[in-house]
1. Return the residue satisfying two criteria in turn: it lies in region 29-45 and is assigned to a strand (DSSP E or B) and charged (D, E, K, R), and of such residues it is modelled with the lowest pLDDT.
2. Quickly run through region 37-61 and pick out the residues that are buried (at least 18 other Cβ atoms within 10 Å of the Cβ) and either free of Cβ contacts under 8 Å to residues at least 40 places away in the same chain or hydroxyl-bearing (Ser, Thr, Tyr) (or both).
3. Tally up the residues in region 89-104 that are in contact with a Lys or Arg (Cβ under 8 Å, 6 or more places away or on another chain), surrounded by 14 or more Cβ atoms within 10 Å (Cβ to Cβ) and not polar (S, T, N, Q), please.
4. Only residues that are at pLDDT 95 or above and of a type in the set (Asp, Glu): list them for region 5-28, please.
5. Give the residue that is nearest to the chain's Cα centre (by Cα), with candidates limited to residues of region 1-28 that are open to solvent by less than 30 Å² (accessible area, probe 1.4 Å), within 15 Å of Arg85 (Cβ to Cβ) and not hydrophobic (A, V, I, L, M, F, W, C).
6. Do we find that Tyr50 is at pLDDT 95 or above and not polar (S, T, N, Q) in this structure?
7. Go through region 62-82 and give me each residue that's in contact (Cβ under 8 Å) with a residue 60 or more places away in the chain and either charged (D, E, K, R) or open to solvent by less than 40 Å² (accessible area, probe 1.4 Å) (or both).
8. Which of the numbered conditions does Arg130 fail, given that it passes all the others? Conditions: (1) modelled with pLDDT under 95; (2) open to solvent by less than 70 Å² (accessible area, probe 1.4 Å).
Amino acid sequence: VRCDSGNFDIEMTYKRTVVRGNEAMIDFTLTNISGKEIKIDMDDERNRAYDDEGNCYPSHHFKFDVANTGSKGCILPPDTPVKLRCIIKDIDEYATVFTRMELSYFMNCYNYFTTAALQKMSIKNIEFTRD
């Protein structure tokens with residue numbers, strides 16, 4: 001699995017994928033290496049995934065949970081891994097790989113009152129098996 005956080009201040013690491021029925025839960029960790037707090041919020045409108053069966057899953061298939069908070073955003077403290085869970089619903093029954101995922105997020109650095117910059121994460125070749 002190849003991960004690109006879309007920003008030099010955040011390291012992104014793939015952890016696992018669990019598929020139950022037609023829903024996939026994909027876990028990553030995000031580590032802020034900037035030395036200062038960063039606030040991120042996952043975007044609701046610019047996400048998509050593609051599978052090995054040729055299907056595209058646009059944003060309405062996605063749900064996010066950052067740091068097990070039940071929320072789509074949080075503050076990333078410096079040098080502390082924080083879990084990002086991406087849930088994709090209604091996946092094809094024959095799919096076994098997400099060949100590409102593009103996730104968008106808003107990032108505020110150092111001052112949470114400034115305008116957030118849109119960033120894009122890119123992940124390739126997430127293989128999975130089913131229960």
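The values are calculated or read from the model by the stated rules, or taken from the named source; none is laboratory data. It should be emphasised that the depicted structure is a prediction, and the values quoted were computed from it without experimental measurement. So basically every Cβ, Gly included, is an ideal-geometry build from the backbone, and we count neighbours across all protein chains shown. Surface accessibility is based on the protein's heavy atoms, side chains included, excluding ligands, DNA and RNA. Shrake-Rupley method; radii C 1.70, N 1.55, O 1.52, S 1.80 Å.
1. Our first condition is that a residue be assigned to a strand (DSSP E or B); within region 29-45, this holds for 29-32, 38-42.
When the remaining residues are screened for being charged (D, E, K, R), the result is 39, 41.
Working: Lys39: 90, Asp41: 94.
Restricting to residues being assigned to a strand (DSSP E or B) and charged (D, E, K, R), the top hit is Lys39.
2. Within region 37-61, Tyr57, His61 qualify.
3. Restricting attention to region 89-104, the residues satisfying the condition of being in contact with a Lys or Arg (Cβ under 8 Å, 6 or more places away or on another chain) are 89, 99-104.
Going one step further and asking which of them are surrounded by 14 or more Cβ atoms within 10 Å (Cβ to Cβ), we end up with 99-104.
Checking the rest, the ones that are also not polar (S, T, N, Q) come to 100-103.
The number of residues fulfilling the criteria is 4.
4. Of everything in region 5-28, those that are at pLDDT 95 or above and of a type in the set (Asp, Glu) turn out to be Glu11, Glu23, Asp27.
5. Only one residue fits best here, namely Asp27.
6. Numbers: at pLDDT 95 or above: yes; not polar (S, T, N, Q): yes.
In short, yes.
7. Filtering region 62-82 down to residues in contact (Cβ under 8 Å) with a residue 60 or more places away in the chain leaves 76, 81.
The answer is Leu76, and nothing else.
8. Tallying (1) modelled with pLDDT under 95; (2) open to solvent by less than 70 Å² (accessible area, probe 1.4 Å), Arg130 fails exactly one: (2).
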